[in-house]
Amino acid sequence: MLRSKIAGIGSYVPEKVVTNDDLSKVMDTNDEWIQERTGIKERRYGKKHEETTTTIGARAAEIAIERAGIQKEDVDFIIFATLSPDYYFPGCGVLLQRELGITKTEIGALDIRNQCSGFVYGLSVADQFVRSGMYKNVLLVGSEMHSMGLDFTTRGRNVTVIFGDGAGAVVVQPTEEENEGVLTTCLHSDGTYAEKLAFLNPGSHGGYHEKYTGEETDYGYSDAEYGEIFLNKHMVENAQIYPHMEGQFVFKLAVQKFPEVIKEALDKTGLGAEDIDMFIPHQANLRISQFVQKRLGLSDDQVWNNIQKYGNTTAASIPVALCEAVENGAVKKGDLVCLAAFGSGFTWGSALLRW
Ligand code: COA
């Protein structure tokens with residue numbers, strides 16, 4: 001039976017380390033609050049004007065391509081997951097193709113906007129393409145450059161302290177080996193609470209969400225012309241161009257959905273939590289990961305957490321953590337690896353793979 005497998009994995013995080021103390025110099029926050037609530041000690045920020053979501057994604061992709069034992073020109077499909085793209089459009093998929101110097105046009109590039117679950121969604125799409133025989137070398141990248149679009153004042157502290165920059169990439173290839181590759185993926189969504197964790201402006205909404213949220217916000221539309229609905233001076237002057245998150249609401253749903261979607265994957269494959277060798281959760285919050293670990297009955301060496309060093313890198317967090325676990329010998333051939341994510345949308349998902 002044809003399956004897909006991760007044939008190569010790479011990651012890249014920018015050099016600049018930003019500690020909690022560094023953030024406390026520009027906003028009213030402190031190391032104790034951040035560590036206690038999230039587990040985060042520091043995060044990385046890209047070089048302004050030099051590094052972008054695409055360029056750091058390319059650094060991770062180059063490593064994944066080399067480790068897969070292929071050439072860049074062998075890539076036949078690109079999937080790029082991010083919520084912090086270089087441009088509003090076109091997406092980072094084609095920019096990555098250019099950055100890597102892939103000049104052939106017999107290739108497709110797909111952009112995924114599924115935020116924290118972007119990598120799991122991307123892996124599922126790659127898996128289907130490979131299983132169907134359509135593509136042989138799918139390059140899947142999750143990359144974020146959050147630091148360029150956060151509110152570095154006390155007003156934005158609940159969001160800003162959590163997020164960091166980073167990129168991870170994998171090459172997904174076919175395998176006919178019995179005991180190897182992606183066993184299953186499970187994907188879910190619920191748009192009911194779309195605005196609970198969202199970045200609304202710039203956008204064409206024109207207040208559309210008010211019928212769902214019941215909350216009226218002044219976006220300066222009374223004076224706005226057609227071309228200004230998307231983005232106007234009022235939004236910029238009133239700090240409406242930053243991510244918004246209702247943290248406790250997100251937390252409560254995350255601790256419910258993570259275990260559910262992992263159980264679903266285990267049930268589908270006839271496996272149990274005791275079969276998991278390594279659990280790589282999306283690095284949203286150390287407390288969420290610890291809660292899920294406990295629910296699954298896993299020991300500390302069966303879970304990979306690195307949010308302490310990198311913060312939440314959204315679409316990049318799973319491939320960065322998986323790459324680190326592999327490089328440290330914590331994931332070995334034949335191991336059952338479980339990936340799971342939950343985030344804005346809300347969208348969530350899981351994947352089980354035999355390494
Ligand atoms: N530093 C210091 N104080 C802060 C702060 C910061 N960075 N951010 C918020 N606070 C304050 C709040 O203003 C509030 O003050 P008040 O009590 O005087 O009003 C207080 O801390 C508690 O805020 P609250 O938002 O209730 O904290 P919390 O315990 O829910 O923790 C999160 C906040 C964001 C850490 C937590 O809700 C969380 O992690 N949620 C999940 C987020 C997530 O995973 N997002 C990504 C999804 S993929």
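Descriptive notes on the structure:
- Index of the failed condition, ALA126 passing every other in (1) more than 16 Å from the ligand (Cβ to nearest atom); (2) on the phi > 0 side of the Ramachandran plot: (2)
- Here GLY101 clears all of (1) part of a loop (DSSP other than H, G, I, E, B); (2) of a type outside the set (Phe, Trp, Tyr); (3) within 16 Å of the ligand (Cβ to nearest atom); (4) surrounded by fewer than 18 Cβ atoms within 10 Å (Cβ to Cβ) except the condition numbered (3).
- Close contacts from the stretch 149-164, counting a first residue that is under 16 Å from GLU36 (Cα atoms) and more than 8 Å from the ligand (Cβ to nearest atom) and a second that is open to solvent by 10 Å² or more (accessible area, probe 1.4 Å) and part of a helix (DSSP H, G or I), with Cβ to Cβ under 9 Å and a gap of 6+ residues or different chains, come to PHE163/HIS146; PHE163/SER147.
- Within the stretch 283-301, considering residues that are more than 16 Å from the ligand (Cβ to nearest atom) and part of a helix (DSSP H, G or I), the one most open to solvent (accessible area, probe 1.4 Å): LYS294
- Evaluated against (1) closer than 21 Å to THR184 by Cβ; (2) open to solvent by less than 20 Å² (accessible area, probe 1.4 Å); (3) away from the ligand (no atom under 16 Å from the Cβ), CYS323 falls short on exactly one condition, (1).
- Against the list (1) away from the ligand (no atom under 16 Å from the Cβ); (2) under 30 Å from VAL250 (Cβ atoms); (3) open to solvent by 30 Å² or more (accessible area, probe 1.4 Å); (4) of a type outside the set (Lys, Arg), the condition GLU66 fails is (2).
- Residue check, VAL138 in contact (Cβ under 8 Å) with a residue 60 or more places away in the chain, within 18 Å of the chain's Cα centre (by Cα) and open to solvent by less than 20 Å² (accessible area, probe 1.4 Å): yes
- Sub-8 Å Cβ pairs linking a first residue in the stretch 40-52 that is part of a loop (DSSP other than H, G, I, E, B) to a second residue that is open to solvent by 90 Å² or more (accessible area, probe 1.4 Å) and aliphatic (A, V, I, L, M), at least 6 apart or interchain, are GLY46/MET148; LYS48/MET148, ordered by first then second residue.
- Checking each residue in the stretch 10-29 for being free of Cβ contacts under 8 Å to residues at least 60 places away in the same chain and open to solvent by 70 Å² or more (accessible area, probe 1.4 Å) picks out GLU15, LYS16, ASP21, LYS25.
The values are calculated or read from the model by the stated rules, or taken from the named source; none is laboratory data. Only a predicted model underlies this, so the values are computations on that prediction, with no experimental measurement involved. Don't worry about glycine lacking a Cβ; one is built from the backbone with ideal geometry, like all the others, and counts go over all protein chains shown. Please note that ligands, DNA and RNA were not included when accessible areas were found on the heavy atoms of the full protein model with its side chains. Shrake-Rupley method; radii C 1.70, N 1.55, O 1.52, S 1.80 Å.
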